[in-house]
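S.K.: Below: one structure in structure tokens.
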Amino acid sequence: MSIRDRFAEDFEEFTIEAPDTYAILAGVLTLQVGSEMAYAREPTVIWGIISAYVFASAIVLIAAGVSDVDLTRWGTLLALLAFSSMMVAVTLTYVMIHGAPIKTDALAFVNQAGGTLLEGRSPYTVEMTLGKQWPTPMMMGGEVSRFSYPIGSAFAAAPFVAVVPDGARVAVILSTLILGGVMLWYAPSHLAPLAYGSLLVGNFITWGVNDLTDPLWVAPLAVAIVFWPWSNVGRDSLLGSGVFFGIAMAIKQQAWFCAPFLMLWVAHERGWRTAGRYVVTVAATFILIHAPVIAMAPKAAVTGLLTNLYGPGGTLVHLGVGLSALTLSGALPISKGAHTALMALAAVGGVAGYWYYFDRVRWLAWIAWGPLLFFNYRSLANYFVVLAPIAVMIVIARGERLLADREVAYSAS
Amino acid sequence: MVIIALVIAASGVQAARLPADVTVSDVDCREGEIVGMELTVEYLDSEPVVVTPHVWGTRSHVQLSWDPTTIRLEPGTNTVEIEPPRPRGRIKGDYAQVYLTHEQQRATTNWRTESCRS
């Protein structure tokens, strides 16, 4: 029995239902991303076919949303068709730009670090020389030239760097594919268009060719949510969730902010001993991934990992769309120290509030970096854009339980 | 907590203020791009300070430090000339910003690049 049949009374009251809205939204976002990609058109048959495919999928989604198509039955198929159209377009774009210099220092450093690992050296000990179109300037002059990310990103890129010079782009595209696959696999049909649509926010789905790295850590984070024991999808495994969360932490520092809240969640539900085991699982995964570079040059590895937090190599310039936008725009400059203090205050208040209001806010643990990094002196837009797919992943993880609750309520009435 | 946050923010604003007024007094244009500029800096403190200039614009978002990266400001009026470290730093577009930094302090000026549009 479909959801529409189960809750027929409620559905009669609405002319546009949530699944229709999700499909329309997904179609609208496909139009937006497709329009931007249209500017990169090429006089080739395959580009023409891909363009038509992308826009056709947008029109189909919108048409399904405004008509009587049962999205509780066809939502997943329509979302899959649209997702595949975008991934083919992204892959084709990669083929077109293949080998071109990576523009951002973030992805360029990951690419170079992957190559350095293949040479048997620690990326934390070498000078990074790529990514000069979008470098990261420092307050005292010059630009960041040391690898300052967890080593997991380099390990993810290395197999592809061994094959193509810009292998890190391939790693990001594959991570995007995995993330979309996970979301669409576990999303119920009526949520599938929303799941796909969340990947279009901020052009996230194109980041493999726009030289951003975030899909590398967002994909394992989504898998960690699937394994989370309080998720109503997937296989409940605190161990599995801990491993994948450890992988996410080993790829990018943003995931670190989730750790204390997730630990509190486990402690709240299963006690401090289990929470301790969870922390050990996450930490062990993190350390295992970093073991090779720690063995090669331990001090350089620690410095590299913590550079973004306390900047031993020098303070970076303010940048971002959070509170730091006041400084960036010249409206109201705030010192880096005050930003750090505000973020610490938000963290302390956040942890206390999380424990006290646990039942109402527990799922916020999976997006903890968002509210905290808003106060950081570096609060880049991509930090917050990635909230979209994770937030929808949370909805997916919670969704079936909500429907089950509703079913129980209907049964009782 | 809100009061603590406001106190931190207020002290952060105070800590970020470099006692200087910066004005772009002249620009060097080439084919619609700013390839150099002259700054007039009124430095209001009594002790000299060494600052680093950063420039970015509407279509050149990266806040590159321009050369020379160390400028000594004396109390009173200072005239300095700066230029981008490489072609990537040339300023295009309608708006631009120059800011001078000394540790956590900065003095900022935003201006319209009307005089340099081709």
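The values are calculated or read from the model by the stated rules, or taken from the named source; none is laboratory data. Here the structure is a predicted model, which is why all the values come from computation and not from measurement. Quick reminder, even Gly has a Cβ in these numbers, built from the backbone with ideal geometry, and neighbours come from all protein chains shown. Accessible surface areas use protein heavy atoms only, side chains included; no ligands, DNA or RNA. Shrake-Rupley method; radii C 1.70, N 1.55, O 1.52, S 1.80 Å.
S.K.: Can you compute the helix-only [θ] at 222 nm over chain A? Use -39500 (n - 2.57) per DSSP H run of at least 4 residues, normalise by all residues, nearest 500 deg cm²/dmol.
M.R.: Details: 20 runs with 271 residues, N = 413.
Result for chain A, helices only: -21000 deg cm²/dmol.
S.K.: How many angstrom separate the Cα center of region B:83-115 from the Cα center of region A:230-285?
M.R.: Going from one Cα centre to the other spans 44 Å.
S.K.: Relative to the longest principal axis of chain B, what angle (0 to 90°, nearest 10) does the C-alpha long axis of helix B:2-16 take?
M.R.: Its long axis makes an angle of about 50 degrees.
S.K.: Could you pull out which residues in region A:370-400 have an amide N less than 13 Å from a spot 7 Å beyond the Cα of B:MET1, following the Cα-Cβ vector?
M.R.: Flagged as within label range: A:371-372.
S.K.: As a test question: what accessible area, to the nearest 10 Å², does B:ILE34 have when a 1.4 Å probe is rolled over all protein chains in place?
M.R.: Accessible surface of B:ILE34 is approximately 0 Å².
S.K.: Another one. Rank these residues by their accessible area, most exposed first, probe 1.4 Å: A:ILE247, A:ILE396.
M.R.: Details: A:ILE247 50, A:ILE396 0 Å².
Per-residue accessible area, sorted high to low, gives A:ILE247, A:ILE396.
S.K.: Net charge within 14 Å of A:ALA300 by Cβ-Cβ distance, Lys/Arg positive one each and Asp/Glu negative one each, not counting A:ALA300 itself?
M.R.: +2
S.K.: Starting from the residue with the highest accessible area, list A:THR307, A:THR206 in decreasing order, probe 1.4 Å.
M.R.: A:THR307, A:THR206
S.K.: Would you report the distance distribution of C-alpha pairs in the protein assembly as shown as whole percents per 20 angstrom bin, up to the bin with the largest distance?
M.R.: Going from the shortest bin to the longest, the percentages are 20, 49, 28, 3, 0.
S.K.: Let me ask something additional. Counting only heavy atoms of the protein chains, get the accessible area per residue of region A:81-193 (1.4 Å probe) and round it to a whole Å² value. Walk me through the intermediate numbers first.
M.R.: Values: 3970 Å² over 113 residues.
I get 35 Å² per residue for region A:81-193.
S.K.: Sticking with this structure for a sec: Just the number, please: carbon plus sulfur as a percent of the accessible area of chain A, 1.4 Å probe, no ligands or DNA/RNA counted.
M.R.: Exposed carbon and sulfur together represent 67 percent of the surface.
S.K.: Which of the helices in chain A meet the span-like rule: DSSP H, Cα axial reach of 24 Å or more, Kyte-Doolittle mean at least 1.6?
M.R.: Those that clear 24 Å and a mean of 1.6 are A:45-66, A:167-186.
S.K.: Still on this structure: Once the dipole of chain B is set up with Lys and Arg at +1 and Asp and Glu at -1 on Cβ about the Cα centre, which of B:THR70, B:SER25, B:PRO87 lies farthest towards its positive end?
M.R.: B:PRO87
S.K.: Can you put A:THR91, B:THR70 in order of accessible area, largest first, using a 1.4 Å probe?
M.R.: If we order A:THR91, B:THR70 from most to least accessible, we get B:THR70, A:THR91.
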